[in-house]
Structure formats: structure tokens, C-alpha cells
Amino acid sequence: MDKKRLSVVIIAKNEAELLADCLQSAQWADEIILLDSGSTDSTLQIAQQHDAKIFSHLEWLGYGKQRQIAQSHASGDYIFMIDADERITPELRTSIEQIVHSEAHHPEQVYSCPRRNYFLGRFMRHSGWYPDRVIRLYQNSLYRYNNNLVHESVDYGDAQVIPLNGDLLHLTCRDYFVFQRKQFNYAESWATQSYQRGKRASMFSAVTHSAGAFFKTWLLRRGFMDGKHGFLLACINAQYTFNKYAALWAIHQQENISK
């Protein structure tokens, strides 16, 4: 039986600050594919130094379609999708290699890994931020990401989700203001996508969903066990949720004004 190959796939734009450590953690893969969407910093030079295969797609179509395009350049039998602010731990590498190099291959399976998220100086242990399992390993010929503009995920149908061992480290929030700007951009993309799908929102739904997000993070997901960090994250999640629904409401208001 021929040895199966692994492609680590990354989408990036101006990720020079974080990219080197990400690529170093994936250096053992059979190939690294990087799809750039117009970097003006040293992202491409860093990718070249780590022997990544570099491709470009400047028209931003949303996270889901960008990942689809990136995957189309991969030649490996398996895909592991990663972001520049993530790192593969040695334990996760071992778990991935056991799947890729196994003689038994199950087309009806995809693989999730626990993601440990960093928030203002510490890796969170609760608050819905750990284990935060995400599907990242799957067979190239069978699965793709969906078309979502934001909060994209692997479209795996009825496939069984198999948990991997070892954490994927995620440097989610190292700077409060950068993180908040990113959250606002996500809220805008979510509202645009929801509007295109015919969804509507009211100010009442913005308030109730926001309160629900705080309750879920702080109590149901045990954010209180993360102390001050957990409380702040619960507030941020509530704020982000309010922004999503308020933005969707605002788009409809603008539509009514323009008629």
C-alpha cells in the first residue's frame, strides 16, 4: 500500500508576526500550502523560508471559499487546515500521523482536535474555550469547507467525527483592541451573510441573544472558573452577539430607507 501524504493548508494575509512558529510546528508534513490574499509584509518571505508552496487569490470571497481554493492546490491524501495563529503540539502531531499512516482508511470519518485558546496572558480552561474541538483533519478527495463568509466549518455530512489526542494551540487574543476589531469584523460578516439568507432581527432579539451569550459563557460553560478572564470573555461574547443582531437589524433599516 502506498504511503498516504498529508497537506497542511493555511490561508493568510499579513501574518508575518505569527506565521514562522505556525509553519515550524507543521514542518514535518509532506507539504505546506499557503494561499495568500495580498500580504504587504514579510509573510511570503517567511513562507518561502519554510518551504511552503505559495499561491495567491486576491479577491476575498469569505473564509469558507478561501479555504476551498487553498485546498484545491493541495496534493496530499489528507488535509490538515490550520491558521497562522495556531500551533500543532507534538502530541497532536503524533495523533495526526497515526491516522495518516495507518493502513486502514475510513472514508466516512473526519477528525477533530481539542483547541486550547489563549486570552490576554493565559490559556483558558473553561468558558467554552477548552477543549473547543474543531474538525481539521479529513481526506482531501471527500470533504471541503462550506461557503460561509465567517464561522466556516468542514462540510462532512454524515461522516463520523473521531477525536484526536493532543492540543492545537490557538493564540486567539494577545491584544485586546486587535481582538475587538476582529470580533466586529466577524459580526459584520455574519450580519451580511444572514441578510443574504433572508434572516431578520429586532432590537429585542439583539438584547435577548446577548444576555443568553453571557449566561452561556459565564454559567453553562463555567466561565466563572476562569476568574476575571472568564468574566471579561463572557462580556465580550455578549457584546459580539449584540453586534451581530444589531448589525443585521441595521442592514434592514438601511434597506427600508433606500426604498
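The values are calculated or read from the model by the stated rules, or taken from the named source; none is laboratory data. Here the structure is a predicted model, which is why all the values come from computation and not from measurement. Glycine also receives a Cβ, built like all others from the backbone with ideal geometry; neighbour counts cover every protein chain displayed. Each accessible area value is taken on the protein alone, full model and side chains, heavy atoms only, with ligands, DNA and RNA left out. Shrake-Rupley method; radii C 1.70, N 1.55, O 1.52, S 1.80 Å.
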Checklist outcome for this item: Within the stretch 14-29, residues being surrounded by fewer than 23 Cβ atoms within 10 Å (Cβ to Cβ) and in a helix (DSSP H, G or I) number 7
Checklist outcome for this item: Of 32, 11, the only residue that is touching a residue at least 60 places away in the same chain (Cβ under 8 Å), under 21 Å from residue 171 (Cβ atoms) and assigned to a strand (DSSP E or B) is 11
Checklist entry - Of everything in the stretch 121-162 that's over 14 Å from the mean Cα position of the chain (by Cα) and of a type in the set (A, V, I, L, M), which residue is surrounded by the most Cβ atoms within 10 Å (Cβ to Cβ)? => result 124
Checklist entry - Can you find even one residue in the stretch 30-40 that is in contact with a helix residue (DSSP H, G or I) (Cβ under 6 Å, 6 or more places away or on another chain), modelled with pLDDT of 95 or more and surrounded by fewer than 16 Cβ atoms within 10 Å (Cβ to Cβ)? => result no
Checklist entry - Only one of (1) under 17 Å from the mean Cα position of the chain (by Cα); (2) part of a helix (DSSP H, G or I); (3) not basic (Lys, Arg) is not met by residue 118, so which one is it? => result (2)
Checklist entry - For the subset of the stretch 41-61 comprising residues that are at pLDDT 95 or above and within 23 Å of residue 155 (Cβ to Cβ), which member is surrounded by the most Cβ atoms within 10 Å (Cβ to Cβ)? => result 57
Checklist entry - Considering only residues of the stretch 69-91 that are open to solvent by less than 30 Å² (accessible area, probe 1.4 Å) and hydroxyl-bearing (Ser, Thr, Tyr), which is farthest from residue 32 (Cα to Cα)? => result 89
Next on the checklist: Suppose the filter is more than 18 Å from residue 31 (Cα to Cα), modelled with pLDDT of 95 or more and open to solvent by 20 Å² or more (accessible area, probe 1.4 Å); does residue 97 pass it?
Outcome noted: no
Checklist outcome for this item: Among 202, 194, the single one that is in contact with a Lys or Arg (Cβ under 9 Å, 6 or more places away or on another chain), at pLDDT 95 or above, open to solvent by less than 60 Å² (accessible area, probe 1.4 Å) and among the hydroxyl-bearing types (Ser, Thr, Tyr) is 194
Item to check | Output for the stretch 182-191, where each listed residue is open to solvent by 30 Å² or more (accessible area, probe 1.4 Å) and either assigned to a strand (DSSP E or B) or under 16 Å from residue 246 (Cα atoms) (or both) | outcome: 184, 185, 186, 188, 189, 190
Next on the checklist: Cβ contacts < 8 Å: first residue among the small types (Gly, Ala, Ser), restricted to the stretch 135-157; second residue open to solvent by 30 Å² or more (accessible area, probe 1.4 Å), any location; separation 6+ or different chain. Result?
Outcome noted: 141/77; 153/135; 153/146
Checklist entry - Are there any pairs, at least 6 apart or on different chains, whose C-beta atoms fall under 8 Å, with the first in the stretch 170-194 and closer than 16 Å to residue 85 by Cα and the second open to solvent by 40 Å² or more (accessible area, probe 1.4 Å) and assigned to a helix (DSSP H, G or I), and if so, which? => result 183/239; 183/243
Item to check | Within the stretch 163-181, tally of residues that are β-branched (Val, Ile, Thr) and surrounded by 14 or more Cβ atoms within 10 Å (Cβ to Cβ) | outcome: 1
